[in-house]
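Before any comments, here is the structure.
The values are calculated or read from the model by the stated rules, or taken from the named source; none is laboratory data. Computed from a predicted model, the values in this text were never measured in an experiment. Counting neighbours? That spans all protein chains shown, and the Cβs are built from the backbone with ideal geometry, glycine included.
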Amino acid sequence: MTISFTRYIDISSAVAAANVVTVRNYGERLFTDNDLLTPQSFIEFSSSSQVGAYFGTSSTEYLRSVPYFAWISKNNTKPTLLSFARWVDTAVAPMIFGNIQPQLLATYTAITTGSFQMTIGGVTNTFTGLDFSAATSLTNVASIIQTAINGASGTMWTAATVTYDASRGSFNFVGGSAITATISVAVAGSGVDIASLIGWLTGTTLIIANGSAVETITTTLTDSFSASNNFGSFDFIPSLTLDQVTEAAVWTNGLDVEVMYLPQVSSANASSWNAALSGYSGVGLTLSSPPSTPVQYPQQLPAQIFAATNYLGTNSVQNYMFQTDPSLTASVTTDTAANTYDALRINYYGNTQTAGQTISFYQRGLLFGTTEFPVDMNTFANEIWLKDANGAALMTLLLTQAKVSANAQGVSQITATLQAVINQAIVNGVISVGKVLTQAQITFITTVTNDVNAWQQVQNSGYWLNVQIVPYTNPITNETEYKAVYTLIYSKDDDVRKVEGQQTLI
């Protein structure tokens, strides 16, 4: 034994300036009313097989996930995440979908003193003396459990149901009242515990869902985004009314370029929906596909493009027009129809032909919104990434540095942090270098920066950046504090949607 060396020299190891704050994944989030997803929750998947295992392969959730995860971009990238969040469009009672596990009738016929404990909405009941010796099927086992529960006082208990779902392989419970109420199951402490046997206590496929009142679209979106903003676009699986779609559009517009709302619209509703939604940024309507089997989801294609964009790659940003998806059938096949939907800024999967070859692709990749917001899907998506990347980089700086001083050194640290993101934005194509500016753009840049040469930097280098430290009064504490304020002006990446040529023969 010796005296510890650290008594004299003690060296600690750590990774310097690690990226402790990550950017979001820009996969789609689908809001569903499926009871298999508990109220006020979300779940993320990385493959369609996972979605099928959870919701079932006949579910709409699975059918939407198949083309989503199968899509491959021109950059040979694929969506890696699809999430589902619960929307309570009708009040639901507390529910239990038992763990999927092997069940044998003989396991229960040997039990005459079965027991378990259940609590709903703060009321606890202990059920004992359950006798399964005369049970003739697993359905009969469920009936015996239901009879015991129905013996408790209150509609939540007397109107409750217990069934055995042979297709899923689970014992399921539904409370008797569709109200906001928490539910839990425990061991009774006497007799033979059946809570584990019926799969209501633990298990990877056990689903315990609290009861919930109806939620508005705004509440659902706000709570879901607050719980996890790890998505880039969203849509609702149930059909929505125009009022509900408008409510979702208002919410999206209020976020100021954070996510895209990508619903589909029928040809019959195209004009009225355009009139109601055209002023809301971040909303992109896609014309529904012709009736087909299986059902197609053309509104997912821009979500797939965004989810498959690797912003850490080189020249990785994508034009949302001229994108193909083999799972889709064209809904627009004539110039007349194309002109109609283009005027309404309704996107669609359309086709053209040359040399007898039909070519189908997504058109035109546009969002609604006023002039101060991006209306090209790619520009909007790119700005989402740039804001997110800058935010993550700056938070990492604040978390990893001992301090960021309110002086020239702090300005240098923040500038360097932003510069790293800007450099990546130039590499991936979010920032366009060498784009010729219009006189209106030059005037705007000069006015905002108060620098007559700033526009040249934007045109030649792609961006202009300025960081300042300014004092301000904290409205909560009424104390003078300091904040760093940065201004970034950059040339957005614009896409070519048409090529015109003149060929002269001499």
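A single entry from ASP325, ASP376 fulfils the requirement of being of a type outside the set (Val, Ile, Thr) and not assigned by TED's automatic domain parsing to the domain that holds LEU262: ASP376.
Inspect all residues belonging to the stretch 294-309 and state whether any of them is outside any helix (DSSP H, G or I), modelled with pLDDT of 95 or more and among the β-branched types (Val, Ile, Thr). Scanning the stretch 294-309 turns up at least one residue that is outside any helix (DSSP H, G or I), modelled with pLDDT of 95 or more and among the β-branched types (Val, Ile, Thr). Looking at LEU63, LEU37, just one residue is assigned to a loop (DSSP other than H, G, I, E, B), at pLDDT 95 or above and surrounded by 13 or more Cβ atoms within 10 Å (Cβ to Cβ), and that residue is LEU37.
Summed over the stretch 221-243, residues that are in a helix (DSSP H, G or I), in contact with an Asp or Glu (Cβ under 9 Å, 6 or more places away or on another chain) and more than 24 Å from THR80 (Cβ to Cβ) total 1. Do the conditions hold for VAL467, that is, is it modelled with pLDDT of 95 or more and assigned to a strand (DSSP E or B)? Yes, satisfied. With respect to SER73, determine if the residue is touching a Lys or Arg at 6+ places or on another chain (Cβ under 7 Å), closer than 30 Å to PRO298 by Cβ, touching a residue at least 40 places away in the same chain (Cβ under 8 Å) and not assigned by TED's automatic domain parsing to the domain that holds ALA160. Judged against the criteria, SER73 is not a match.
Listed here are the residues, each with its yes/no results for (1) touching a His at 6+ places or on another chain (Cβ under 6 Å); (2) at positive phi; (3) not assigned by TED's automatic domain parsing to the domain that holds SER224; (4) not charged (D, E, K, R).
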| position | (1), (2), (3), (4) |
| --- | --- |
| GLY56 | no, yes, no, yes |
| GLU61 | no, no, no, no |
| ARG86 | no, no, no, no |
| ILE111 | no, no, yes, yes |
| SER133 | no, no, yes, yes |
| ALA142 | no, no, yes, yes |
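When VAL458, VAL421, VAL436 are screened for being within 30 Å of ILE346 (Cα to Cα), outside any strand (DSSP E or B) and free of Cβ contacts under 8 Å to residues at least 40 places away in the same chain, only VAL436 passes.
Right, ALA308: farther than 16 Å from VAL245 by Cβ and either surrounded by fewer than 19 Cβ atoms within 10 Å (Cβ to Cβ) or of a type in the set (S, T, N, Q) (or both) or not? Criteria not met by ALA308.
For residues that are outside any strand (DSSP E or B) and of a type in the set (Val, Ile, Thr), scanning just the stretch 470-486, find the one that is nearest to the chain's Cα centre (by Cα).
ILE476
Mind checking whether some residue in the stretch 439-455 is of a type in the set (Ser, Thr, Tyr) and part of a strand (DSSP E or B)? Within the stretch 439-455 (the criterion being of a type in the set (Ser, Thr, Tyr) and part of a strand (DSSP E or B)), the answer is no, since none of the residues qualifies. Yes or no: the stretch 72-84 includes at least one residue that is among the aromatic types (Phe, Trp, Tyr), under 27 Å from VAL245 (Cα atoms) and assigned to a helix (DSSP H, G or I). Among the residues of the stretch 72-84, not one is among the aromatic types (Phe, Trp, Tyr), under 27 Å from VAL245 (Cα atoms) and assigned to a helix (DSSP H, G or I), which makes the answer no.
Screening ALA166, ALA159, ALA213, ALA209 for residues that are in contact with a strand residue (DSSP E or B) (Cβ under 6 Å, 6 or more places away or on another chain) and either under 25 Å from PHE84 (Cβ atoms) or among the small types (Gly, Ala, Ser) (or both) leaves exactly one candidate, ALA209.
Residue-by-condition table, conditions (1) in a loop (DSSP other than H, G, I, E, B); (2) within 31 Å of the chain's Cα centre (by Cα); (3) within 21 Å of GLN103 (Cα to Cα):
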{"site": "THR139", "(1), (2), (3)": "no, no, yes"}
{"site": "TRP157", "(1), (2), (3)": "no, no, no"}
{"site": "ARG168", "(1), (2), (3)": "yes, yes, yes"}
{"site": "SER196", "(1), (2), (3)": "yes, no, yes"}
{"site": "TRP200", "(1), (2), (3)": "yes, yes, yes"}
{"site": "GLY203", "(1), (2), (3)": "yes, yes, yes"}
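Evaluated against (1) hydroxyl-bearing (Ser, Thr, Tyr); (2) in contact with a strand residue (DSSP E or B) (Cβ under 7 Å, 6 or more places away or on another chain); (3) free of Cβ contacts under 8 Å to residues at least 60 places away in the same chain; (4) within 28 Å of ASP165 (Cβ to Cβ), SER196 falls short on exactly one condition, (2). Residues of the stretch 208-253 that are touching a Leu at 6+ places or on another chain (Cβ under 9 Å), of a type outside the set (Ser, Thr, Tyr) and in contact (Cβ under 8 Å) with a residue 40 or more places away in the chain: ALA209, ILE217, ASN230, PHE231, PHE234, ASP235, PHE236, ILE237, ALA249. Could you check how many residues of the stretch 394-428 are farther than 15 Å from ILE489 by Cα and either in contact with a Leu (Cβ under 8 Å, 6 or more places away or on another chain) or small (Gly, Ala, Ser) (or both)? Total meeting the criteria: 15. Applying the condition of being assigned to a strand (DSSP E or B) and farther than 14 Å from GLN323 by Cα to the stretch 338-358 and asking which residue is modelled with the lowest pLDDT yields THR354. Among the residues of the stretch 33-65, just one is out of contact with any strand residue (DSSP E or B) (no Cβ under 7 Å at 6 or more places or on another chain) and among the charged types (D, E, K, R), namely ASP33.
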